[in-house]
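Heads up, the thing below is written out as structure tokens.
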Amino acid sequence: MMSGGLASPQIIAHLEKSLDYTIFDVRWIPCSARFVVVGSHARGTGALQVFEMGQKELVCSKKYEKKDEIKCCTFGATALQDRHLATGNFKGKMETWDLEKGDMPVYSVKAHSEIINCIDGVGGLGIGLGAPEIVTGSRDGTVKVWDVRQENDPVAMMQPKESEAKRDCWAVAFGNSYTESERVVAAGYDNGDIKLFDLRSMSVRWETNIKNGICGLQFDRKDILMNKLVATTLEGKFHTFDVRVEHPKRSYPSVIEKAHKSTVWGVRHLPQNRDVYMTLGGNGSLCLWKYNYPKERTNQDKDGVEFGVAGTVEQIQNVVLGTQPLSGFDWSPDKEGLCVCSGFDQTVRVCIVTRLKSL
């Protein structure tokens, strides 16, 4: 169901710029009107650019070319005064960069034997209690957690058992970081597996399979007791799990929504409202959604055991920005409704989503 009319939020393309390389990811630089773009040149080198918003156009303020193509990036583990960008590249290296002098990395580690597909951070920017950590997921089948204050070795590693086939990890996300010791990592794989790793007990806390490859994962908030987890997949579907109460047999409740007929490449929750999120379409579309909680989030089975009750998902708005899939998206953490997205049409766009306070 989609709400219509001028009273509902609108997605407006404000500024756009065509670039000469494939864009894989974009991130707002915290406490600024600038954002960073990473990707791959046709000659096999990495692209890293910083853009700022001019009155009529996007202006490139920093431009670096790296030896290896860059697949993903995050500011999630950096201190606010540093604003170091963590990146994962095609050769399996995880590196952090000072964007003001980005010729050499601040930190570099050969994290994986194959491409790093996905990255997330926590404990930086004042979000999430505990140590600043970075998680990486790779085609080599492993998920690793890094503390940049420790050289070379990960602080945690999740890998398939010897008897299991290794699966390509496409998505990772931190969550449950509400105390100094509690923290989980969600990982999504190409075969539809989702695994929830508890970093305190160093064990798999929960796992499921939703039949389609997991392209994107995000908790509604990293720094609260686990609340909701959204997983986007191939073939146009995404799943919203209520991860507050787990039943021993029914597991976590979820609601499934079909966005469109193409891949849903990722999801990003609005920083100012955790029940509102944007999905990225393989058809070049942005879709804005709102999760509505049920009247009662829990109930009891015949044995008196509590189980969760899923809510509903409502499509608020959608817009097609181009003919190619959207590869990256990020909300401004400081200005509600301001966002940036990138597409495989080699274009980066700054958009404005209006009337979000009405939701």
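Calculate the dipole size of the chain relative to its Cα centre from +1 charges on Lys and Arg beta carbons and -1 charges on Asp and Glu beta carbons; express the result in debye to the nearest 20.
Working: 45 positive and 45 negative charges, 115 e Å.
My answer is approximately 560 debye.
If you count only protein heavy atoms with a 1.4 Å probe, what accessible area per residue comes out for the stretch 296-338, rounded to a whole Å²?
Numbers: 2180 Å² over 43 residues.
Normalised by residue count, the accessible surface of the stretch 296-338 is 51 Å².
Within straight cross-link reach of Lys237, meaning Cα distance under 26 Å, which lysines are found once same-chain residues fewer than 8 apart are removed?
Result set, ordered by chain and number: Lys71, Lys166, Lys195, Lys211, Lys222, Lys228, Lys249, Lys258, Lys261, Lys290, Lys295.
Where does each of Glu57, Glu246 land when they are ordered by accessible area, with a 1.4 Å probe and the largest first?
Ranked list, largest accessible area first: Glu57, Glu246.
First obtain the Kirkwood hydrodynamic radius of the chain from its Cα pairs, then insert it into the Stokes-Einstein equation at 10 °C and 1.306 mPa s, and state the resulting D in µm² per second as a whole number. Show your work: numbers first, answer last.
Working: Rh = 20.5 Å.
After rounding, the answer is 77 µm²/s.
May I ask you to derive the FRET efficiency for Asp303 and Lys211 from their Cβ-Cβ distance with R0 = 35 Å, giving the value to the nearest 0.05?
Step by step, r from the Cβ atoms, then E = 0.75.
Given a 1.4 Å probe, how much area per residue of the stretch 1-143 is accessible, in Å²?
43
Just the accessible area for Glu16, please: 1.4 Å probe, Å², rounded to the nearest 10?
110
With every protein chain kept in the model, how would you rank Ile127, Ile316 by accessible area, 1.4 Å probe, largest at the top?
Ile127, Ile316
Express in nm, to one decimal, how much length is gained between Lys110 and Gln150 on full extension, taking 0.36 nm for each residue of separation and deducting their alpha carbon distance.
This chain segment gains 13.1 nm when fully extended.
Summarise the accessible area of the stretch 189-261 (1.4 Å probe, protein heavy atoms) by the percent that is carbon and sulfur. Working shown, then result.
Working: 1450 of 3180 Å².
Roughly 46 percent of what the probe reaches on the stretch 189-261 is carbon or sulfur.
Quick one: length gained pulling Ser251 to Leu356 fully straight, 0.36 nm per residue minus the C-alpha distance?
Contour length minus the Cα-Cα distance gives 34.6 nm.
Just the number, please: carbon plus sulfur as a percent of the accessible area of the stretch 1-109, 1.4 Å probe, no ligands or DNA/RNA counted.
On the way: 2610 of 5140 Å².
Of all accessible area on the stretch 1-109, carbon and sulfur atoms account for 51 percent.
What value does the stretch 46-93 have for Rg/Rh, both radii from Cα atoms and Rh as Kirkwood defines it?
On the way: Rg = 12.8 Å, Rh = 12.3 Å.
For the stretch 46-93, the value is 1.04.
Would you mind getting me the FRET efficiency between Gln81 and Gln272? Use the beta-carbon distance for r and R0 = 30 Å, nearest 0.05.
It comes out at approximately 0.85.
Ordering Lys357, Lys144, Lys161 by how much accessible area each has at a 1.4 Å probe, largest first, what is the list?
Result, largest first: Lys357, Lys161, Lys144.
How large is the accessible surface per residue of the stretch 151-224, computed with a 1.4 Å probe and reported in Å² as a whole number?
Using a 1.4 Å probe on heavy atoms only, each residue of the stretch 151-224 averages 48 Å².
Roughly how much of Asp103 is accessible, in Å² to the nearest 10, using a 1.4 Å probe?
Its accessible surface works out to 120 Å², give or take rounding.
Would you check the accessible area of Ser18, probe 1.4 Å, heavy atoms only, in square angstrom rounded to 10?
That residue has around 90 Å² of solvent-accessible surface.
The values are calculated or read from the model by the stated rules, or taken from the named source; none is laboratory data. Just so it is clear, the structure is predicted and the values come from calculations on it, not from any experiment. Ideal geometry is used to build each Cβ from the backbone, glycine not excepted, and the neighbour counts take in all protein chains shown. Areas reflect the complete protein model, heavy atoms only, side chains present, ligands, DNA and RNA absent. Shrake-Rupley method; radii C 1.70, N 1.55, O 1.52, S 1.80 Å.
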